[in-house]
Each structure stands twice: as structure tokens, then as C-alpha cells.
Amino acid sequence: MTTRMINSSAFRRGFRAMLPLWLGAIPFAIAYAIAAQKAGLSPLETQLMSLTVSSAAAQMGIVQLLAVGAAPLAIILTAVALSLHHVLYGLSLSKRLKLSWLDKATTAYFLTDAAYGLIIAHESNETSAFLLGAELSMFVVWNLFTAFGVLLGHIITIPADAHLDFVAPMTFFVLLVSLTKTRLALAVAIIAAAITWICLTLQLGSATVFIAGLGGAFMGALLAERRSLPESAVGSTS
Amino acid sequence: MTLFLLFTIATGAAFLWRFAGLILKIEHTSAFWERFLRYVPISIFTALVVSSLYVAPELLPLKIVALVVAAVVMWRTRQFGLGVVVGWTTLLILNMALAK
């Protein structure tokens with residue numbers, strides 16, 4: 001089998017592996033498109049943001065701030081802070097995958113929370129082609145359903161009690177459960193949860209995920225070093 | 001400020017954070033650093049989930065039940081999508097039942 005065939009196969013597997021996670025993305029993409037237009041963005045601007053920013057949290061954060069007429073600097077800082085935890089994704093992936101400069105650039109452009117979670121959960125399939133397949137799968141559905149929301153948003157009514165905003169976190173939760181395979185991993189999750197709650201209580205806002213990610217991983221490394229508990233299973237599930 | 005400039009900054013920020021992590025070379029990585037990176041996914045996904053629980057605190061008990069159901073279904077079936085669908089449906093049913 002040639003390298004090209006292997007890459008093509010891995011790409012398709014990555015694309016397909018993302019399909020179940022579309023469930024979280026589809027309603028959120030439609031909700032984003034509707035919210036963006038209510039905030040005054042044109043259809044073109046709404047779609048352009050999905051094509052360029054390609055981050056559900058950042059896009060929704062920007063739209064919500066635009067809707068309330070927030071100061072430009074506040075919007076910029078929020079957008080920057082909401083993406084901050086992606087630097088940790090990059091560091092984590094650079095240890096797991098061998099990526100050329102071109103791979104790094106494409107990975108950086110298309111990387112999302114879901115694509116990162118998926119490749120971590122499918123460790124046996126970890127190749128740059130698998131990751132790119134997963135990333136493009138999410139990019140395609142995110143943009144398709146943004147367009148759907150733009151075109152049909154005016155006739156779609158999303159009931160407030162549908163809780164579509166909770167579908168994406170639920171997706172992250174099932175990924176989290178698949179990663180939490182040891183007592184130490186569970187302890188790290190509890191610590192990260194506590195840090196998150198404290199940050200939110202202190203109203204640290206958009207940087208919360210980055211701070212909790214940093215703090216939880218740091219404490220996990222510290223506990224693993226002190227207790228010398230088995231940890232090989234962390235982040236390796238089929 | 002034009003929206004175009006805002007999009008450019010938001011796109012640039014998202015890209016640069018990811019790219020910075022990917023190109024950053026840390027020489028002589030220690031065992032501590034290796035362990036740190038291993039726990040990054042768990043910490044960040046926990047933070048993403050807990051952040052969503054903080055919104056609408058009156059729904060916290062229902063959301064927790066829905067998450068537990070989603071986790072059990074995923075754990076038993078190994079199907080991410082099924083876990084999400086069943087968890088979300090649980091949330092809707094509980095919400096409707098309690099609203100009556």
C-alpha cells in the first residue's frame with residue numbers, strides 16, 4: 001500500500017469518525033447564523049466568519065457582544081481569550097503527531113475542540129491525515145449549516161427550552177468520559193472543574209478555559225509525579 | 001472598526017494560538033512536561049463542560065442528570081453520537097416534565 005493510499009484511507013476514517021459529533025455542531029451552527037443576523041451581520045458576513053474564524057465559541061462570543069454594542073476592544077480581547085486554550089491543543093498535538101510545516105499550517109487553520117478531542121480519543125488512528133479528515137468534516141458541516149441558518153433562519157424558530165446550546169458541551173463530556181480511565185485522570189477532571197468554577201465565580205470570563213486547562217494539567221503532572229500512579233491509559237482509548 | 005478588521009483579528013488570533021503551540025519546540029522535555037501534556041485534554045474538556053453548567057444555574061440538576069445518562073450510554077455502547085442524543089433527549093424530557 002502506498003503512502004498516498006494510507007493517507008487517503010486515514011483521511012476518510014477521520015472524516016467519518018467526526019460524523020457523530022455533527023449532532024452537536026448542526027444546531028449550534030444554525031443558532032449562530034440566526035444570532036448573527038439578529039446582531040446585524042449580513043448573510044455574507046455571517047458566512048465569512050464561519051469560513052475564517054471557524055470556532056463556535058469565538059463566533060458566538062463575538063456575535064453576542066456585537067448584539068449588545070460592546071466596545072471593539074472588548075470584542076477583540078474576548079475573541080483572543082476564547083481561542084487561548086488552543087495553544088495547549090497545539091502543544092499537545094505536536095508531541096503526538098509528526099507534522100510538516102504545511103500540515104501544521106492547515107491543522108492550525110481548521111483545528112476545533114471537537115477535532116482535537118476526536119484524535120485524542122482515537123489514539124490508534126493518530127496521523128495528520130486522520131486529523132485533517134476530522135477537521136474538514138467539522139468545517140464542512142459547520143459552514144453548510146451556517147448557510148442553512150442564513151437562508152432559512154427567518155422561518156426557523158428555535159424554542160428556548162430546546163437547550164441546543166448544551167449539545168456541544170454534552171459532546172465534549174462524552175469525549176471526556178472516554179478519556180477518563182484512571183483514578184488520577186478523574187482527580188485531574190475534578191481539579192479542573194474546581195478551578196473552572198472558581199474562575200467563573202471570580203468572573204474571569206473568556207480566559208477561564210485556558211486557566212483551568214493549564215491548572216488542571218499542571219496538577220495532574222504534579223500528582224502523577226508524587227504518587228507514581230499508573231497513567232499510561234490516560235488519553236488512550238479505542 | 002469594520003467587521004472585516006474584527007474578523008481578521010479573530011481569525012489571526014485563533015490561527016496564531018494553534019500554530020504557536022504546534023511550532024513551539026521545547027528542547028530536553030522533562031517527564032513532568034510529558035505528563036502535563038497528557039492531562040491537557042482532560043483539563044480543557046472539563047473546563048468546557050463546567051463552563052456550560054454555569055450558564056442558567058437553575059437547570060444545573062437537570063443538566064447533570066442528562067450528562068450522567070449520556071456518559072452511561074456512551075460507556076455501554078461506545079457510540080459518541082448515541083450518548084449525545086440520549087443525553088439531550090433526557091434533558092428535554094426532564095425539562096418538560098418539571099415544567100408541567
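Quick look at the values:
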read-out: Filtered residues of region B:65-78 (kept if at the interface with another protein chain (Cβ under 8 Å from one of its Cβ atoms) and surrounded by 14 or more Cβ atoms within 10 Å (Cβ to Cβ)); value: B:Ala66, B:Leu67, B:Ala70, B:Ala71, B:Met74
read-out: Tally of residues being buried (at least 22 other Cβ atoms within 10 Å of the Cβ), touching a residue at least 12 places away in the same chain (Cβ under 8 Å) and among the aromatic types (Phe, Trp, Tyr) across region A:127-171; value: 2
read-out: Selection within region A:80-111 - open to solvent by less than 30 Å² (accessible area, probe 1.4 Å) and over 19 Å from B:Ile23 (Cβ atoms); value: A:Ala81
read-out: Residues of region B:53-64 satisfying the condition of being facing chain A (nearest Cβ under 7 Å) and surrounded by fewer than 19 Cβ atoms within 10 Å (Cβ to Cβ); value: B:Tyr54
read-out: Any hit, region A:196-203, residues being more than 8 Å from chain B (Cβ to nearest Cβ), open to solvent by less than 30 Å² (accessible area, probe 1.4 Å) and free of Cβ contacts under 8 Å to residues at least 60 places away in the same chain; value: yes
read-out: Filter pass, B:Phe45 being farther than 15 Å from A:Val87 by Cβ, more than 21 Å from the chain's Cα centre (by Cα) and within 7 Å of chain A (Cβ to nearest Cβ); value: no
read-out: Within region A:153-186, tally of residues that are more than 7 Å from chain B (Cβ to nearest Cβ), touching a Leu at 6+ places or on another chain (Cβ under 9 Å) and under 18 Å from B:Ser51 (Cα atoms); value: 1
read-out: Residue in region A:12-22 that is free of Cβ contacts under 8 Å to residues at least 12 places away in the same chain, of a type in the set (D, E, K, R) and on the phi < 0 side of the Ramachandran plot present; value: no
read-out: Unmet requirement for B:Leu24, which otherwise passes all of (1) under 26 Å from A:Gln47 (Cβ atoms); (2) surrounded by fewer than 14 Cβ atoms within 10 Å (Cβ to Cβ); value: (1)
read-out: Of residues in region A:62-77 being more than 9 Å from chain B (Cβ to nearest Cβ) and touching a residue at least 12 places away in the same chain (Cβ under 8 Å), the one farthest from A:Ala217 (Cα to Cα); value: A:Ala67
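The values are calculated or read from the model by the stated rules, or taken from the named source; none is laboratory data. What you are looking at is a predicted structure, and each value in this text was computed from that prediction instead of being measured. All Cβ positions, glycine included, derive from the backbone under ideal geometry; neighbour counts span all protein chains shown. Only protein heavy atoms, including side chains, enter the accessible area calculation; ligands, DNA and RNA are left aside. Shrake-Rupley method; radii C 1.70, N 1.55, O 1.52, S 1.80 Å.
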